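A short write-up of the structure that comes next.
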């Protein structure tokens, strides 16, 4: 059989134009590859067609420059033109914290309707080991096309870090694992168009597990430092000083920071995909459950610290006005998925407190049955607020000005590092 060549890839279709799919689409378009970007959100498609972006990692200028190669649409029939299809749809957890792969299944079913000989299909959505071979492969082969001979199928975990200026699609090593050797070869050649380094592994299962290991590693270590922060507070030790000093060790230590909890589409979710899958093999991932429990209870600890701080001032949470600074799950992005700020707000409201928020990246959002809008920061607003709670350390905040005008600050991110004031209370 003739081997696939990158020269046969004229059109790439990307399903899902979010934080993963849109930067990927831009990377291919910049190399002169025709990209069909498919998303069910008509508003997103309309924005892109107008030369605008809705995520921080892709500028309006990038969209405008690439529109000659990038064709956003809601029409899945465009898959008929594709030499390669990359699936980048969400994979959340359901209410029982089990994986919800319905978006993957739906996307794969639609792909199967337009499948044709020679097409390469790559799943990038985070999922449990076995998804590619157990869900996608049988679905595609029902059409009478054999994977590895007639069509090619692989898994490649996304490694996007929203807001990271140093690492982009092109310079992040790309992992690929195909169902067969030919599938792996095709995926390697596809991603070699846009990535400096492509690292093939033995199977889709291995590639799926690699993604889960990467984020489980982060979740467990964040839980460790979150628990250590609580212990340091009781012992009267500055956790931030401890972490910073420990980071000077050139070997055997990697720095993780405590905070109000974990958020985003990966760290709070991915380890539980692994735990769910492990149960099918009669294996209990104890460390993952412990880490998840610690991290998910951090908003409760933040509110407990807020109670302590207000109590020292002779006040209570009930009837007090709290200003939350930053509701995004990380600095300099507008993504609130799984953000601990949302749980902090809920807990304060449950205790009778009043909450307002400011976030330059999140002008408004809907949660807890209401629409929230970011308030404008001013000296008068800061002075009339009983406590300012720093959840997200956006680089655009002027922390000295905020400290000067606020009456009380609970800093969950060490954002006020280097500023000396009795107003500041650390996590």
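The values are calculated or read from the model by the stated rules, or taken from the named source; none is laboratory data. Remember, predicted model here, so these are calculated numbers, not experimental data. A quick note on method: Cβ atoms are made from the backbone with ideal geometry, for glycine too, and the neighbour counts reach across all protein chains shown.
Restricting to segment 295-329, count the residues that are farther than 20 Å from residue 411 by Cβ and out of contact with any strand residue (DSSP E or B) (no Cβ under 8 Å at 6 or more places or on another chain).
Summing the residues that are farther than 20 Å from residue 411 by Cβ and out of contact with any strand residue (DSSP E or B) (no Cβ under 8 Å at 6 or more places or on another chain) in segment 295-329 gives 4.
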Task: Selected residue [assigned to a strand (DSSP E or B) and either surrounded by fewer than 21 Cβ atoms within 10 Å (Cβ to Cβ) or under 29 Å from the mean Cα position of the chain (by Cα) (or both)] from 403, 355, 375 - done: 355
Open item on the list: I'd like to check something: does segment 83-104 contain any residue that is part of a strand (DSSP E or B), at pLDDT 95 or above, assigned by TED's automatic domain parsing to the domain that holds residue 20 and more than 30 Å from residue 278 (Cα to Cα)?
Closed with: yes
Task: Residue, farthest from the chain's Cα centre (by Cα), within segment 121-153, restricted to residues that are surrounded by fewer than 16 Cβ atoms within 10 Å (Cβ to Cβ) and assigned to a loop (DSSP other than H, G, I, E, B) - done: 144
- [ ] Could you check how many residues of segment 416-426 are surrounded by 15 or more Cβ atoms within 10 Å (Cβ to Cβ) and either out of contact with any strand residue (DSSP E or B) (no Cβ under 8 Å at 6 or more places or on another chain) or in contact (Cβ under 8 Å) with a residue 40 or more places away in the chain (or both)?
- [x] 3
Open item on the list: With the requirement that a residue be under 19 Å from residue 401 (Cα atoms) and either part of a strand (DSSP E or B) or not assigned by TED's automatic domain parsing to the domain that holds residue 329 (or both), what does segment 358-372 give you?
Closed with: 358
Open item on the list: For segment 219-275, which positions are surrounded by 13 or more Cβ atoms within 10 Å (Cβ to Cβ), over 16 Å from the mean Cα position of the chain (by Cα) and over 24 Å from residue 419 (Cβ atoms)?
Closed with: 220, 221, 223, 224, 227, 274, 275
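Being assigned to a helix (DSSP H, G or I) and within 12 Å of residue 227 (Cβ to Cβ) is the filter; apply it to segment 287-317 and report the residue that is nearest to the chain's Cα centre (by Cα).
Per the criteria, the residue is 295.
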Task: Lone unmet requirement of (1) within 24 Å of residue 28 (Cα to Cα); (2) in contact with a helix residue (DSSP H, G or I) (Cβ under 7 Å, 6 or more places away or on another chain) for residue 101 - done: (1)
Task: Long-range neighbours under 6 Å by Cβ, at least six apart or interchain, first residue on the phi > 0 side of the Ramachandran plot and in contact (Cβ under 8 Å) with a residue 24 or more places away in the chain within segment 341-361, second in a helix (DSSP H, G or I) and surrounded by fewer than 21 Cβ atoms within 10 Å (Cβ to Cβ) - done: none
TODO: Determine which member of the set 328, 341, 278 is assigned to a helix (DSSP H, G or I) and modelled with pLDDT of 95 or more.
DONE: 341
